[in-house]
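The values are calculated or read from the model by the stated rules, or taken from the named source; none is laboratory data. Since this is a predicted model, take the numbers as computed values, not measurements. Neighbour counts are summed over all protein chains in view; Cβ atoms, including those assigned to glycine, are modelled from backbone coordinates with ideal geometry. Keep in mind that these areas ignore ligands, DNA and RNA; they rest on the heavy atoms of the full protein, side chains included. Shrake-Rupley method; radii C 1.70, N 1.55, O 1.52, S 1.80 Å.
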Amino acid sequence: MRLLSPLRISVVVTYLPHFIRVFYRLMIDRRVSTLAKLVPCIGLLLLLTPPALELDLIPGVGQLDWLLVGYISLKLFLWLCPPEVVREHVAQVGRGA
């Protein structure tokens, strides 16, 4: 249960605004390919399809699919972005720029 410890959850919640800023900066950066920028959009569209919306009626399963699709699409987005661009934006957000 180390994954769901209150300390880990509080760290994720604390850094959530930083993660959102990094993803936003990467989405508007011209050095990131269009294919990479499409991945989060396709993930969101996948969650809005009728079968996914039907799963939302089942307690637990509906929330789990949102978490998994969101995590996988954002992870794939970061993987497709050039590493030096990701490092640059992470450093800028870390400095507060």
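With θ taken as phi - 60° and the coefficients 6.51, -1.76 and 1.60, list the Karplus ³J(HN,Hα) couplings across segment 73-89 in order, rounded to whole Hz; mark glycine and proline as x.
Coupling constants for segment 73-89: 5, 6, 5, 5, 4, 5, 5, 7, 6, x, x, 5, 5, 4, 4, 4, 5 Hz.
Grab the other residues whose beta carbon is less than 13 angstrom from that of Met27, score K and R as +1, D and E as -1, and report the net.
+4
Considering only protein heavy atoms and a probe of 1.4 Å, how much of the accessible area of the chain is carbon and sulfur, as a whole percent?
The C+S portion of the solvent-accessible surface of the chain is 75 percent.
In square angstrom, what is the accessible area per residue of segment 38-97 with a 1.4 angstrom probe?
Normalised by residue count, the accessible surface of segment 38-97 is 70 Å².
Compare Leu47, Leu68, Leu35, Leu57 by solvent-accessible area with a 1.4 Å probe and give them largest first, with all protein chains kept in place.
Largest accessible area first, the list is Leu57, Leu35, Leu68, Leu47.
With a ≥ b ≥ c taken as the square roots of the eigenvalues of the C-alpha gyration tensor of the chain, please select rounded if a/c is under 1.5 and otherwise prolate if a/b is larger than b/c or oblate if it is not?
Because a/c hits 1.5 or more and a/b fails to exceed b/c, the chain counts as oblate.
For the residue pair Arg30 and Thr49, what label-to-label distance in nm results when each label sits 7 Å from Cα along the Cα-to-beta-carbon direction?
3.5 nm
Report the relative contact order of the chain, percent, no decimals, based on alpha-carbon pairs under 8 angstrom and at least 6 residues apart.
Computed over the chain, the figure is 38 percent.
Whole-Hz Karplus ³J(HN,Hα) for segment 63-72, in order, using 6.51 cos²θ - 1.76 cosθ + 1.60 and θ = phi - 60°, x for Gly and Pro?
The phi angles translate into 6, 5, 5, 4, 5, 5, 5, x, 5, 5 Hz.
Show me, for segment 49-54, the HN-Hα J-couplings you get by feeding each phi into the Karplus relation (A = 6.51, B = -1.76, C = 1.60, θ = phi - 60°), rounded to Hz, glycine and proline as x.
6, x, x, 5, 5, 5
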